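Everything below concerns the one structure shown next.
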Amino acid sequence: MTQDDRIASIDVFSVTIPQDDAYLGGLGPGESINGAGYFVRRGNRTIYPAAMRSAVVRVTLDSGAEGWGETYGLVAPDAIHALIADIISPIITGRSPFDVQAIWEDLYDLMRVRGYTGGFWLDAMAAVDIALWDLMGKLTGLPLHQLLGGKHRDRIPAYVSGLPRPTIPEKVDLARSFIDKGYNAVKIAASVSYDGVEREIAALREGLGPDVAIMLDCHWIYTPAEAVALLQRLAPYNLYFMEAPCKTEDVAGLADVAAHAMVPIAAGEEWRTVYDARSRLEARAVSIVQTEMGHSGITQFMRIAHLAQAHHAKVIPHATIGAGIFAAASLQASATVLNLPYHEFQHSIFPHSAKLMNGRLECAEGYFALPEGPGLGITPNEHFWDNARKLG
């Protein structure tokens, strides 16, 4: 293995992630699993698979060295494979992983004029991007955070994301159990708040006390006016932030909410590039940026973080359904971001993902540990292979 190694092949895998609790909770009223294994959350009109899964990429060099990347594979993971096998692999075979940022620009330009500046195309690029950064770390013997310029912290504060229980008292009890373990921030999802967002927030504030940060993920379900009115009603409960209050296309509406809000507005999990972030930050539509490594890859994660810092916005990365690879990349990159108060901890996914990886991937007592070792600091283990299916 030398720094002259070149890209030889790319493989794509669909990986099923074991779970104890359903993501966001069980099926809601009127929801059912269809013949393809999907269901639609009526609260946010979004499709989910009954079994959580992810799309994992392995980039192999001439020497046999392997780098690992990952993107979302919740729906149609074969689309990721088709894009990589048909377009990306033939284009970048023979190049050096040290060309990673130039490769990102080259791939983006391939499809720009056809309108593919997001979606599955950028997700496929993100997975490959993560794998190339992983390879650079392995070839140099350096962890990702050093390749990115150095870390500001050795551990990363975590907020508890989601309370997948059927009743408000049970949700409060679950939140309390995490607070007792050392966490100090909890987020709920409006789309599964079947007994009412206001009732749930009020019960959490009463049950958790004044010092716990309570966050609200709106999953894009409100109009701007509805979001502002909801914030006014929730004012007594001192929200830490409101996330994704209105449709992602409505940048002006998001800016209107931010202008009228007395709490920070957060968004960004669906953004793929710095171009997505730019319009929202310039409009002062957000003061918290929630970049998702599984959509952005490392190159764009860092560009978005730098742009957020230039606009004096905080970064609180989004992280939900993955096999552990983009989670490790997100933690490594997050260690280098100056203004980063929290990182999302999806407790119904992350502990199971960690069991699929060799290396340090853990969250306890309110903090993520920073993975150790070159590159991402993790590699798939035998449990990963038990749950992986090669595509193509």
Query raised in the report: Does anyone have the angle between helix 325-334 and the longest principal axis of the chain? Alpha-carbon axes, 0 to 90°, nearest 10?
Result: 80 degrees
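How big is D, in µm² s⁻¹, for region 7-142 by Stokes-Einstein at 10 °C and 1.306 mPa s if Rh is the Kirkwood radius over C-alpha pairs? Walk me through the intermediate numbers first.
Working: Rh = 16.3 Å.
Once the numbers are plugged in, D ends up at 97 µm²/s.
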**Report entry** Debye-sum result for the chain in log10 I(q)/I(0), which assumes one identical scatterer on each alpha carbon, at q = 0.06, 0.10, 0.12 Å⁻¹
**Finding:** -0.22, -0.62, -0.91
Report task. With a 10 Å radius around each residue's Cβ, average the other Cβ atoms per peptide and rank 264-277, 320-333, 230-243, 296-309, highest first. Result -> 320-333, 296-309, 264-277, 230-243
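Give the Rg/Rh ratio for region 157-292, taking Rg as the radius of gyration of the Cα atoms and Rh as the Kirkwood radius, to two decimals. Please list the in-between numbers first.
Details: Rg = 14.7 Å, Rh = 15.2 Å.
That ratio is 0.97, to two decimals.
How would T248, T379 line up from fewest to most surrounding beta-carbon atoms within 10 angstrom? Before the final figure, lay out the partial values.
Working: T248 15, T379 19.
Result, fewest neighbours first: T248, T379.
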Requested in this report: For region 329-392, restrict the atom set to alpha-carbon positions and state the Rg and Dmax in Å.
Outcome: 13.2, 41
Query - Radius of gyration and maximum dimension Dmax of region 138-177, Cα, Å - result: 18.6, 51
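How about region 97-190: which chymotrypsin sites (Phe, Trp or Tyr not before Pro) there are in a DSSP loop, with at most 16 other Cβ atoms within 10 Å of their Cβ? Don't skip to the end; give the middle numbers.
Working: sites: F98, W104, Y108, Y116, F120, W121, W133, Y159, F178, Y183; in loops: Y116, Y183.
Here the sparse-neighbourhood loop sites are Y116.
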Query raised in the report: Taking the Cβ-Cβ separation of E31 and R233 as r and a Förster radius of 30 Å, what is the calculated FRET efficiency to the nearest 0.05?
Result: 0.65
Query raised in the report: Using alpha carbon centroids, what distance separates region 33-90 and region 216-263, in Å?
Result: 31 Å
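What is the fewest-to-most order of R41, R176 by other Cβ atoms lying within 10 Å of their Cβ? Please list the in-between numbers first.
On the way: R41 19, R176 16.
If I rank by nearby Cβ atoms, fewest first, I get R176, R41.
How large is Rg over Rh for region 69-217, taking Rg from the Cα atoms and Rh as the Kirkwood inverse mean of 1/r across Cα pairs? Walk me through the intermediate numbers first.
Values: Rg = 21.5 Å, Rh = 19.0 Å.
Over the Cα atoms of region 69-217, Rg/Rh equals 1.13.
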Requested in this report: Would you grab the residues whose amide H sits under 5 Å from the one on W220? Only those 5+ places off in sequence or on another chain, please, with H modelled 1.01 Å from N.
Outcome: C246
Report summary line: Summing -39500 (n - 2.57) over every DSSP H run of at least 4 residues in the chain and dividing by its residue count gives a helix-only mean residue ellipticity at 222 nm, to the nearest 500 deg cm²/dmol, of -11000 deg cm²/dmol
Report summary line: Taking only Cα atoms of region 147-376, the Rg to Rh ratio with Kirkwood Rh works out at 0.95
Query raised in the report: To the nearest 10 degrees, how steeply does helix 224-234 sit against the main Cα axis of the chain, on a 0 to 90 scale?
Result: 60 degrees
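Over 29 Å between Cα atoms: which of K151/K355; K171/K355; K187/K355; K314/K355 fall into that group? Let's see the in-between values first.
Details: K151/K355 25 Å; K171/K355 26 Å; K187/K355 24 Å; K314/K355 31 Å.
The pairs that break the limit, which is 29 Å between Cα atoms, are K314/K355.
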**Report entry** Length-normalised contact order for the chain - Cα pairs under 8 Å, 6+ apart - percent
**Finding:** 21 percent
Query raised in the report: Roughly what angle does helix 293-310 make with the longest principal axis of the chain, taking Cα atoms, 0 to 90 degrees, to the nearest 10?
Result: 70 degrees
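Every read-out reported here was derived from the displayed coordinates using simple, explicitly stated rules and does not represent laboratory data. For clarity, every value in this text was computed on a predicted model and none was experimentally measured. Positions of Cβ are generated from backbone atoms using ideal geometry, with glycine treated the same way; all protein chains shown enter the neighbour counts.
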